1. Over the stretch 32-164, what relative contact order in percent results from Cα pairs under 8 Å that are six or more residues apart?
2. Pull up all non-local amide H partners of Ile132: gap of 5 or more, or a different chain, and H-to-H distance under 5 Å with H placed in the peptide plane.
3. Take the Cβ-Cβ distance between Asp21 and Ala142 as r, set R0 to 30 Å, and report the resulting FRET efficiency rounded to the nearest 0.05.
4. Classify the stretch 1-150: rounded, prolate or oblate, from the alpha-carbon gyration tensor (a ≥ b ≥ c, eigenvalue square roots; a/c under 1.5 rounded; otherwise prolate if a/b is larger than b/c)?
5. Per residue, how much accessible area does the stretch 1-81 show when a 1.4 Å probe rolls over the protein heavy atoms, in square angstrom?
6. With θ set to phi - 60°, apply the Karplus curve 6.51 cos²θ - 1.76 cosθ + 1.60 along the stretch 56-73 and write out the HN-Hα couplings as whole Hz, x wherever there is a Gly or Pro.
7. Please list, in order along the stretch 14-30, the HN-Hα scalar couplings obtained from phi with the Karplus expression 6.51 cos²θ - 1.76 cosθ + 1.60 (θ = phi - 60°), rounded to whole Hz, x for Gly and Pro.
8. What's the extension gain from Ile34 to Leu10 if we count 0.36 nm per residue and subtract their Cα-Cα distance?
Amino acid sequence: MYDFQPDETLAPAELYRQLGDAADALTAGESDGIANMANVAALIWEFVPRLNWAGFYRVVQNGTEKELVLGPFVGRPACIRIPFGQGVCGAAAASGETQLVEDVHAFPGHIACDAASQSEVVVPVTRNGEVIAVIDCDSPEAARFTKEDARGLEALAALLSERI
Ligand code: SME
């Protein structure tokens with residue numbers, strides 16, 4: 001049994017350090033990317049307070065186009081396929097840049113998977129300069145995510161580059 005006991009009162013930098021250590025311990029030496037994404041989605045859910053969705057979309061080649069396809073997550077059932085450039089996830093995948101969205105209703109083309117979502121952060125996972133997946137976190141609170149959340153999730157994405 002894995003029993004991580006995150007303390008929700010931790011400052012974000014320490015919270016993400018502990019989350020990163022837990023993710024490193026759980027994924028080290030495991031070559032199955034789906035298993036690693038599943039465990040990391042569960043860890044994000046346990047460590048990061050005030051979320052209603054946490055998980056992955058994977059970059060998949062569909063004919064001549066790349067698209068995002070739903071991966072392991074915690075939360076309500078979500079849309080399965082997202083074209084590059086569409087929604088917050090598609091913007092992160094197409095640009096290779098983190099999207100920190102204080103108000104999802106103000107984001108052009110935002111894709112609502114759970115009506116409760118008010119704010120969102122999406123971080124690309126890259127390998128050899130290519131986006132291979134994104135980490136997506138949604139919150140029912142407006143402006144829930146800060147640059148510290150973005151930095152913490154970017155560190156997690158870097159750890160996962162060769163593990164998913
Ligand atoms: N809101 C996302 C879609 C994925 S769900 O939030 C899980 C978007 O606009 O890309």
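1. 24
2. Here the answer is Val125, Thr126, Arg127, since their amide H atoms fall under 5 Å of that of Ile132.
3. About 0.50, to the nearest 0.05.
4. Oblate.
5. 55
6. Running phi through 6.51 cos²θ - 1.76 cosθ + 1.60 with θ = phi - 60° gives 10, 10, 9, 7, 10, 7, 10, x, 8, 9, 9, 9, 9, 10, 3, x, x, 7 Hz.
7. Each residue's phi maps through the Karplus curve to give 6, 4, 6, 5, 5, 4, x, 4, 5, 5, 4, 4, 6, 9, 4, x, 9 Hz.
8. This chain segment gains 5.7 nm when fully extended.
The values are calculated or read from the model by the stated rules, or taken from the named source; none is laboratory data. What you see is a predicted model; the values in this text were computed from it and never measured. Virtual Cβ from ideal backbone geometry, glycine too; neighbours counted across all protein chains shown. Heavy atoms of the whole protein, side chains included, go into the accessibility calculation; ligands, DNA and RNA do not. Shrake-Rupley method; radii C 1.70, N 1.55, O 1.52, S 1.80 Å.
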